[in-house]
Amino acid sequence: RPRTRVLVSIGRKVNEGTISRATACGSKSYYGDLIRIAGGENVYTGDAGYPNVSTEGILAMDPDVIIDLVSDMEERGLTAEGILAEWSSIQSLSAVRNNRVHVLGGDHLIVPGPRFIRLLEDLAWAIHPELAWKRQ
């Protein structure tokens, strides 16, 4: 499959109503490797593992897919819909215009270990939903 341009955000301040900054997962990070294995191309190509990126920086990268990892979403009483609404404030992003923003929750997102395969499957599904995935 062609590689899709992906931004994975982790540790972003959520529930603020807008996106002021995000922590991107860099190409040379654990998540960067997973993006590549899942069939994506990381839009952040700098050397930093987990850089803070402004709204302007996100606009400049203009990802085709955004995956927002919010591991403690349930514990904080947040919903994926509420988090997606924050991203919708940046309508000029390709991912937003094409409904390709995904919010993932759960502690398997941030603790590398045997459950990494679950995260990899989540990323692959978000990056290439056109494939006939069997999801549980």
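The values are calculated or read from the model by the stated rules, or taken from the named source; none is laboratory data. Bear in mind that the values here come from a model prediction, so they are computed numbers and not experimental data. Here the Cβ positions follow ideal geometry from the backbone for every residue, glycine too, while neighbour counts run over all protein chains shown. These accessible areas exclude ligands, DNA and RNA; they are computed on the full protein's heavy atoms, side chains included. Shrake-Rupley method; radii C 1.70, N 1.55, O 1.52, S 1.80 Å.
Odds and ends about this structure:
- Surface accessible to a 1.4 Å probe, per residue, for the residues of the stretch 68-136, Å²: 59
- Carbon/sulfur fraction of accessible area - the chain, other protein chains in place, 1.4 Å, %: 51
- Simple point charges give the picture: +1 on the Cβ of Lys and Arg, -1 on the Cβ of Asp and Glu, and for the chain a dipole about the Cα centre of about 340 debye.
- More than 23 Å apart - percent of Cα-Cα pairs taken over the chain: 26
- Extension reserve of the L131-R97 stretch, reckoned as 0.36 nm per residue once the Cα distance is removed: 10.1 nm
- Packing-based ranking, highest mean first, of 118-129, 73-84 given that Cβ atoms within 10 Å are counted: 118-129, 73-84
- Evaluating 6.51 cos²θ - 1.76 cosθ + 1.60 at θ = phi - 60° for every residue in the stretch 51-56, the Karplus couplings come out as x, 7, 10, 6, 4, 4 Hz, glycine and proline recorded as x.
- Positive-pole candidate from L59, A95, P2, dipole of the stretch 1-109, charges at beta carbon: P2
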